[in-house]
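Participant: One structure coming up, written as structure tokens, with questions to follow.
The values are calculated or read from the model by the stated rules, or taken from the named source; none is laboratory data. Since the model is a prediction, treat every value here as computed from it, not as a measurement. Here Cβ is always computed from backbone atoms with ideal geometry, including for glycine, and neighbour counts include all displayed protein chains.
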2 protein chains.
Amino acid sequence: MNGLRTSELARQGGINLESIRFYEKQGLLPKPPRTASGYRMFTPDAVRRVRFIKRAQELGFSLKEIKELLALLLAPDTTCADVRVRAEEKLRGIEQKIADLRRMTQTLAQLTAACPGRGATGDCPILGSLDQANPRSGSGS
Amino acid sequence: MNGLRTSELARQGGINLESIRFYEKQGLLPKPPRTASGYRMFTPDAVRRVRFIKRAQELGFSLKEIKELLALLLAPDTTCADVRVRAEEKLRGIEQKIADLRRMTQTLAQLTAACPGRGATGDCPILGSLDQANPRSGSGS
DNA sequence: CTTGACTCGGTACCTGCCTACGGAGCGTAC
DNA sequence: GTACGCTCCGTAGGCAGGTACCGAGTCAAG
């Protein structure tokens, strides 16, 4: 038999062996045929699949979303548009996250800039800001 | 007694009642004195503490880090510099996350731009890219 | 005194993504 | 034929940050 064993798929896919079984359980990898004694026999196709999953993860897709992408991929009547919609949604989601994080960095940057870097904590604008109920991250009205 | 009860602290702090007990267990809130029958009696100070936690969370600090911040805040010999170091570390961490996310959006944006939005999935650059082992997120060499 | 709202504590559950363990069976090299 | 390593499976654990449930006790009003 020339199918890949689990560990070989894990190696070629660059993930942990246990993750293979985990993905299979989650429905991300198709249940492969087995040898008479129950060993999984993966085709090289499975390596592509694993890499697909990894790449999609790197693009910010959750396993759940990747599962949907894979379902789309396999559905005969899926169009490119279906896929693009997912990508665009994800894009917007990530942009939203970036905006959130940027607000955080702005506030943090302002606070660290205002912090003299010495003296007691009582004068620290960072702690001071955190202690305010509703700080405007500067001198409020 | 004029101490706040748990639910009142939760309300004023803007968090769930159960979270109060959770934070206490995690060491984020000091164990408050109790009435004879075991009810927690919080001082108004606890409201500040809860809001501190919430604000720090909004700035991207994990509960673990917030606990450290609070410890700093309470240590008598903490200087402003100690606090600023934390804030700067967090700032760098968040900037790193932003950079990661931006790479994702760039790739996704390129892919969706390249996607015609119609036709079969076989032609879809998005799925195609995910299927590649080592895509350069554009037209490779 | 009873009712109803509140609180207590512990524990279990949740999402997301794995990772580890243990005991059994399989396969191959020597 | 046996020793070693790989594989099987189910289950448990772990991080983060809570949320939910339960039975029992408490408090204040009527």
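Participant: Collect the residues in the stretch B:1-47 that are out of contact with any Pro (no Cβ under 6 Å at 6 or more places or on another chain), more than 11 Å from DNA strand D (Cβ to nearest atom) and of a type in the set (A, V, I, L, M, F, W, C), keeping them in residue-number order.
Facilitator: Within the stretch B:1-47, B:Leu4, B:Leu9, B:Leu29, B:Ala46, B:Val47 meet the criteria.
Participant: Can you tell me which residue among B:Glu24, B:Glu18, B:Glu89 is more than 14 Å from DNA strand C (Cβ to nearest atom) and farther than 30 Å from A:Ala56 by Cβ?
Facilitator: Numbers: B:Glu24 fails: more than 14 Å from DNA strand C (Cβ to nearest atom); B:Glu18 fails: more than 14 Å from DNA strand C (Cβ to nearest atom).
Result of the check over B:Glu24, B:Glu18, B:Glu89: B:Glu89.
Participant: Can you say whether A:Asp131 is free of Cβ contacts under 8 Å to residues at least 60 places away in the same chain, surrounded by 12 or more Cβ atoms within 10 Å (Cβ to Cβ), over 20 Å from A:Leu4 (Cβ atoms) and of a type in the set (Asp, Glu), as far as the supplied structure shows?
Facilitator: Numbers: free of Cβ contacts under 8 Å to residues at least 60 places away in the same chain: yes; surrounded by 12 or more Cβ atoms within 10 Å (Cβ to Cβ): yes; over 20 Å from A:Leu4 (Cβ atoms): yes; of a type in the set (Asp, Glu): yes.
Answer is yes for this residue.
Participant: If a residue must be more than 10 Å from every other protein chain (Cβ to nearest Cβ) and within 13 Å of DNA strand D (Cβ to nearest atom), how many such residues does the stretch B:58-84 contain?
Facilitator: Here is the first cut: in the stretch B:58-84, the residues more than 10 Å from every other protein chain (Cβ to nearest Cβ) are B:62-65, B:67-68, B:71.
Applying the additional criterion that residues be within 13 Å of DNA strand D (Cβ to nearest atom) yields B:62-65, B:67-68.
Here the count works out to 6.
Participant: Which numbered condition in (1) touching a residue at least 12 places away in the same chain (Cβ under 8 Å); (2) more than 13 Å from DNA strand C (Cβ to nearest atom); (3) of a type in the set (Gly, Ala, Ser) is the only one that A:Ala71 fails?
Facilitator: Failed condition: (1).
Participant: Is it true that some residue in the stretch A:5-14 is within 12 Å of DNA strand C (Cβ to nearest atom), touching a Phe, Trp or Tyr at 6+ places or on another chain (Cβ under 9 Å) and either among the acidic types (Asp, Glu) or closer than 18 Å to B:Leu108 by Cα (or both)?
Facilitator: Looking through the stretch A:5-14, none of the residues is within 12 Å of DNA strand C (Cβ to nearest atom), touching a Phe, Trp or Tyr at 6+ places or on another chain (Cβ under 9 Å) and either among the acidic types (Asp, Glu) or closer than 18 Å to B:Leu108 by Cα (or both).
Participant: Sticking with this one: Report yes if A:Ala99 is under 27 Å from the mean Cα position of the chain (by Cα), surrounded by 20 or more Cβ atoms within 10 Å (Cβ to Cβ) and at pLDDT 90 or above, otherwise no.
Facilitator: Here the answer is no, as A:Ala99 does not meet what is asked.
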